[in-house]
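The values are calculated or read from the model by the stated rules, or taken from the named source; none is laboratory data. All values reported here derive from a predicted model rather than from experimental measurement. No Cβ is skipped: glycine too gets one built from the backbone with ideal geometry, and neighbour counts run over all protein chains shown.
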Amino acid sequence: MALPEAFSTDETRTSDQSILAEDRILPGALHNTSFITRVLCLFALGRPDLEAHWGSLQSEEAFQNVRERLCSILTNTVTAKAGLLLATSGVFVTTVSPAPYFDYTSPTPYLLLFISLMMAMIAMLTSGLGMMRWLHADRQCTQEQIKSGGYSLLSYLLSMVMPMFFVGLSLNCFIFAMLIAGFYSQDTVCRTLTAAWLVAYVVSVGLMSIEFMWKLAKCLKSP
């Protein structure tokens, strides 16, 4: 009488293992993703596919690590930078330049500073909403959301990317406002420092763009 019970136990274990193996396989809808989805994956996850991220959704421990990492990014990187940009842009928008040779209240720099202020506000809002979402995220619900692909997957990836996008846009608007104000200055030292700042900015952005384009090229070559 013990043999049938042993066989049934082995069959149950085998079926459970097969179910777990099937769950770990990347769904077909997440295999053949569009170019936009791959680019969003590259920004949000650091790689142009969802295999590693899907694998992290198969256990509670791995999902907890992903949730903690994303919350840390939203808190320490996005929210902190957005708050700093919000405060700095707010000061520049609401005050007059103390130096007469550096007038950032002229129309173009002032408009860029105002846009930077608005983008920082939106970044704070989207970052806070994203943090609330991840703090209350459920592993199975997250699986179901991205399993079908399509617009559900796009909204999932955009919830990670949008805060960083608005922070980057706010920062660049602030930088260009300062550059324009510096180059329109009548002071030679101010123009020289602005030119040096522009060179440093171009070099930094160029290096990051080269790395991104290299990853994007790999993304395009992958099937």
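A few remarks follow.
For every residue, the table says whether it meets (1) touching a Gly at 6+ places or on another chain (Cβ under 6 Å); (2) over 17 Å from Ala181 (Cβ atoms); (3) at pLDDT 85 or above; (4) not β-branched (Val, Ile, Thr).
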| residue | (1), (2), (3), (4) |
| --- | --- |
| Thr79 | no, yes, no, no |
| Pro107 | no, no, yes, yes |
| Leu111 | no, no, yes, yes |
| Ile115 | no, no, yes, no |
| Asp138 | no, yes, no, yes |
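- Counted residues, the range 112-142 - those being more than 20 Å from Phe165 (Cβ to Cβ), surrounded by 14 or more Cβ atoms within 10 Å (Cβ to Cβ) and touching a Cys at 6+ places or on another chain (Cβ under 9 Å): 0
- Odd one out for Met213, checked against (1) in contact with a Phe, Trp or Tyr (Cβ under 7 Å, 6 or more places away or on another chain); (2) part of a helix (DSSP H, G or I); (3) surrounded by fewer than 16 Cβ atoms within 10 Å (Cβ to Cβ); (4) at pLDDT below 90: (1)
- All positions within the range 171-196 that are among the small types (Gly, Ala, Ser), crowded, with 17+ Cβ neighbours inside 10 Å, within 24 Å of Leu84 (Cα to Cα) and out of contact with any Cys (no Cβ under 6 Å at 6 or more places or on another chain): Ala177, Ala181
- Residue in the range 215-223 that is within 29 Å of Ser106 (Cβ to Cβ), small (Gly, Ala, Ser) and more than 19 Å from the chain's Cα centre (by Cα) present: no
- Residue check for Leu125: part of a helix (DSSP H, G or I), free of Cβ contacts under 8 Å to residues at least 24 places away in the same chain, closer than 15 Å to Lys81 by Cα and of a type in the set (A, V, I, L, M, F, W, C): yes
- Residue in the range 32-48 that is over 18 Å from Thr142 (Cβ atoms), at pLDDT 80 or above and of a type in the set (Lys, Arg) present: yes
- Scanning the range 170-189 for residues that are in contact with a Phe, Trp or Tyr (Cβ under 6 Å, 6 or more places away or on another chain) and either free of Cβ contacts under 8 Å to residues at least 60 places away in the same chain or part of a helix (DSSP H, G or I) (or both) gives a single hit, Ala181.
- Only one entry of Val199, Val167, Val205 meets the criterion of being surrounded by fewer than 11 Cβ atoms within 10 Å (Cβ to Cβ), in a helix (DSSP H, G or I) and among the β-branched types (Val, Ile, Thr), and that entry is Val199.
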